[in-house]
Structures are given as C-alpha cells and as structure tokens.
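Since the structure comes first, as structure tokens, the remarks are kept for the end.
Every number in this text was worked out from the coordinates using simple rules, so none of it is lab data. Since the model is a prediction, treat every value here as computed from it, not as a measurement. Glycine also receives a Cβ, built like all others from the backbone with ideal geometry; neighbour counts cover every protein chain displayed.
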Amino acid sequence: MQCDVFLVGTGQTRFGELFDRSTRDVMEEAIGNAIENSGLTSLDIDMVVVANMLAEQTNNQAHLGSLASQMLPHHPPALRVEAACGSGAVALHTATALLESKRAETVLVVGVEKMTDASTEDVSTALMGAADSELDQPSGLTFPGIFGLIAQRYMHEYGLTREQLSLVSALHHRNGMRNPFAQFRIEVTPEAVSQSSPVADPLRLLDCSPISDGAAACILSTLHRSPLRLAASQIATDTLSIAQRATLTSFSASKEAMERALREAEIDRDEIKALETHDCFSIAALINLEDLGFAEPGEGIRLYEALYKGRATSLMINRSGGLKACGHPVAATGVKQLCDIGKQLISEKKQWGIAHNFGGACASCGIHLLENLDA
Ligand code: COA
C-alpha cells in the first residue's frame, strides 16, 4: 500500500427476498448504517464508489453513482464499477486507488443488487452476461451449469464424493444461523444437501448460492483512523471463457491475487486466521481453499470435515455463512465480505483476515487483506 488506509465504518441490509424495498431503499439503509458505525458525518465523505452488476436488467436503473451520491447532502463525486459477482472487490480496489493517489481522503463504497424482482430465468440469463458471449453462452450453459462441470471434473480428478461435498453447505448454513443479516438462518444437514433438488449435475439446490437482494457499505479513509488497517488490495483476471483455461479445478486469478496480496502486506499465509471466500457454489469453496494456499489440491474438503465435526483448526472459514447462507446479491457480496472480516477480527481478537471475491468463473478476483491493530 502507498499509505495507511483504514476501514472506519461498515453497514449492510439483511440479504434476502426484499420485495418491499427498492434499489434506492437498500442503498440508503447500508450507507446510513456505515456512516453511523464510523462515527463520521456524511460530509466527511469525499467520493462514492458503487458496485453493481444487474440494475439495468432487473430494475431498469442505471447511473447508480449519481443515485448514491444524492443520498449525501453535499453530493460528492461518484462512479460505478462492474466486474460481475466480483464487482464489490473491484469497487473496494478502486476506492483504495483513489485514496492512494490522494484524489480523496475518505471514500464510501456501496455494493448493491436487487435480483428477486425478476424471474429466475431472466436473472440466470442476465448473470450469464458474466461469461463469454461467443464461447460460453451459445452452449446454453448457466452458472450452475458451469460450476456443475467444474464439480464433475473435480470429482473425477480427486475422487471427491457427493456426500463429502454436502459438508460444505451444511457448515455454511450452520455458520449462517448466527448471522442476523443472513438470507437463510436454518440448520441444513449434509443428507438434506445431498437429497435437495438436482440443479446441474452433480450440484443440487443446496449447493447453490441463492438469488438475493441487498446492499453493503464500507467507508475507507486515510484521514480517519480505526483499529482495522487495509494491508493489501489486489485484483487479478483470467480468461473470460472457461473453454480457454488449462484447468477447470483451479482458478489462476485467485492464486495470483493472493500471492500479490501476501507480498503487499508482507506477511505469511499462516498468519491469516479469518477467511471469507467466494462460495457461489459449494465446489468453489473447496477450490478457493486450495488456490489461496490453505490446502493442497484435492484436499480442501479436509478442512471442511474438521470444521463440521468440531475438530480444532486455527482457521475461521466463512463464519458469516458465506454466499450460501447469507445470500448473494452479486455486487454487494464483496463489500459485505470485508464488513464481515472486520467484525470477525474484532470479536475474535485475531490479527489478519482476508475477503476473497470473484466474478464469473473467477475471470476476475479481488482480495482484501485486513489487519486488526488491536490484536
Ligand atoms: N438455497 C437454499 N434455498 C433456496 C435456494 C438456494 N440457493 N434457491 C431457492 N431456494 C428456496 C427458496 O427460498 C424457495 O423456498 P420456499 O419454497 O420455502 O419459499 C424454494 O427454494 C424454491 O425457490 P425458487 O426461487 O423457486 O428456486 P429456483 O428453482 O427458481 O432457483 C436456483 C434455484 C438454484 C436455480 C437459483 O437459486 C440460482 O440460480 N442460484 C444461483 C445464482 C447464481 O448463479 N449466482 C451467480 C453465481 S456465479
């Protein structure tokens, strides 16, 4: 980092089916909560960065920078960032760059998505905009289909069983029960995951993150301090099409962003104790642990087995409930993950945590590494 950047405030709405709330409503709530949490006033915010993927398709609403800025009395400069489901992390990275370049001293980042007003068919089509329109979309694949192929290949290469995979969502649902902002606060057994409706073989309903509404906001500052220091902000990309990848069972953008984040923060991976990773589908959660270097290829399930069975491991993985239990209002997710890591580091008195957020089949990836200076 070129200078010290602090996470001074966080806020979010509950994620879920918020039929009675508009895009404007959920943004207003998340922004209000973040400002209140920061102890600053609206006037302290120099710039606004909005993360959003789908508002034109699902709500006929573009120009979200202006919409967010008008919620603050002095209408600060604002812009919108889009990187599919990774929009949140890329918006945080944009805010960091604005702070490092000294264009601004305090930046509000708000991620927002209102998806449930559209049908599942329309949302699935819109989400496929995150895949290659020439190489992936003509196949008729949806994102559950893409991750179904990835899961097939992973099972073939590493011998993962359907029963083992079910532990991933079961753990995320168990974690989500403690999160008041989560879409699903219900215990789900591994058997229930294995027996839920087939979606894209071998993935079942309870392997999939849901379609969700919600907003989350973070305030980053170089002027105002807090115990939470942003130690690294990195983004990386891969080919848009999965057809052009050397492997389906590992995402190079995650690896690259992680290596660069560790170098930027000048720490070892082992020092990181809290992870929020992008579990858009259960199989992704395993691949993420391996790509981020917390498990060998094919071994990610071991950590889930240990955590589900209550065996001690020093790592906290998707304590919030992850995308599976919290819900996945796509562009809000990356911002919400940083809110969660901040809360976890403070409440568990841990020093280092990462938020790992990606778009599409990890064609873009963002990693934010947070340090709790009080730990
Ligand atoms: N997990 C748990 N429960 C879910 C769920 C999920 N992912 N999706 C839906 N449900 C529940 C609903 O709450 C509803 O419960 P109810 O009957 O008690 O109200 C029930 O299942 C049926 O919901 P419905 O909306 O009809 O489901 P659907 O078949 O239209 O959609 C999926 C299910 C899996 C296809 C949809 O959630 C999906 O596409 N998810 C992936 C989204 C995605 O690709 N995101 C981008 C990632 S890269």
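Spread over its residues, the convex hull of the C-alpha atoms of segment 76-137 is 106 Å³ per residue.
Here r is the Cβ-Cβ distance between Leu43 and Met1 and R0 is 30 Å; the resulting FRET efficiency, rounded to 0.05, is 0.70. Once backbone amide H atoms are built at 1.01 Å from N, Arg80 has Val50, Gly65 as its partners under 5 Å, excluding neighbours fewer than 5 places away on the same chain. Note that segment 315-322 has calculated 3J(HN,Hα) couplings of 9, 9, 10, 6, 4, 5, x, x Hz, one per residue in order, obtained from phi through the Karplus relation 6.51 cos²θ - 1.76 cosθ + 1.60 (θ = phi - 60°); glycine and proline are x.
Here the relative contact order of the chain, from alpha carbon pairs under 8 Å that lie six or more residues apart, stands at 26 percent.
Please label the shape of segment 238-312 as rounded, prolate or oblate, based on the square roots a ≥ b ≥ c of the eigenvalues of the alpha-carbon gyration tensor (a/c under 1.5 means rounded; beyond that, a/b larger than b/c means prolate, else oblate). It is oblate, given that a/c is not under 1.5 and a/b is not larger than b/c. Per-residue 3J(HN,Hα) values for segment 227-232, derived from phi via the Karplus relation 6.51 cos²θ - 1.76 cosθ + 1.60 with θ = phi - 60°, read x, 9, 9, 7, 8, 7 Hz in sequence order (x marks Gly and Pro).
I'm checking a number: the convex hull volume of the Cα atoms of segment 214-259, normalised per residue, in Å³. What is it? All intermediate terms of the calculation are to be shown ahead of the outcome.
Values: hull volume 6.8 nm³, N = 46.
Expressed per residue, the convex hull around the Cα atoms of segment 214-259 is 148 Å³.
A convex hull fitted around the alpha carbon atoms of segment 30-99 yields 92 Å³ per residue. Give, as a single signed number, the net charge of other residues whose beta carbon lies under 14 Å from the beta carbon of Ser69, with Lys and Arg counted +1 and Asp and Glu -1. So the surrounding residues net to 0. If you fit an axis through the alpha-carbon atoms of helix 252-265 and take the longest principal axis of the Cα set of the chain, what angle between them do you get, 0 to 90°, nearest 10? The angle comes out at about 40 degrees. Helical content of the chain, expressed as a calculated mean residue ellipticity at 222 nm, amounts to -11500 deg cm²/dmol (DSSP H runs of 4 or more residues, -39,500 (n - 2.57) each, divided by residue number, nearest 500). Of the three principal axes defined by the Cα atoms of the chain, the extents in descending order read 55, 45, 38 Å. Take 156-165, 196-205 and order them by the average number of nearby Cβ atoms within 10 Å per residue, most first; the result is 196-205, 156-165.
Tell me, Val109, Val188, Val26 in order of fewest to most beta-carbon neighbours within 10 Å?
Going from least to most buried by this count: Val188, Val26, Val109.
Val26 sits among other residues whose Cβ lies under 15 Å from its own Cβ, and their net charge, with Lys and Arg +1 and Asp and Glu -1, is -3. Seen from all directions on average, segment 282-324 presents a Cα convex hull projection of 3.0 nm².
For segment 262-307 versus segment 1-52, the inter-centroid distance based on Cα atoms is 28 Å. Principal-axis analysis of the Cα atoms of the chain puts helix 330-348 at an angle of about 80° to the longest axis.
Applying 1/(1 + (r/R0)^6) with R0 = 45 Å to the Cβ-Cβ distance of Leu135 and Arg311 gives a FRET efficiency near 0.60.
Under conditions of 4 °C and 1.567 mPa s, segment 161-257 yields 76 µm² s⁻¹ as its translational diffusion coefficient, taking Rh as the Kirkwood radius over Cα pairs in the Stokes-Einstein equation. When the convex hull of its Cα atoms is viewed from all sides, segment 270-347 shows a mean projected area of 5.2 nm².
Across segment 301-314, rounded Karplus estimates of 3J(HN,Hα) from the backbone phi angles (6.51 cos²θ - 1.76 cosθ + 1.60, θ = phi - 60°) give 4, 4, 5, 5, 4, 5, 5, 5, 7, x, 7, 4, 9, 7 Hz, Gly and Pro being marked x. Taking amide hydrogens as placed 1.01 Å from N in the peptide plane, the amide H of Ala232 sits under 5 Å from those of Leu369, each at least 5 positions away in sequence or on another chain. Shape verdict for segment 129-188, please, from the Cα gyration tensor: rounded (a/c under 1.5), prolate (a/b greater than b/c) or oblate. Oblate. Comparing Gly353, Gly86, Gly129 in a Gaussian network model of the chain (Cα springs below 10 Å), the most mobile by mean-square fluctuation is Gly129.
Sorting the segments 2-11, 91-100, 303-312, 275-284 by their residues' average number of neighbouring beta-carbon atoms within 10 angstrom, most packed first, yields 275-284, 91-100, 2-11, 303-312. Of the peptides 223-230, 319-326, the order by per-residue mean of other Cβ atoms within 10 Å, starting with the highest, comes out as 319-326, 223-230.
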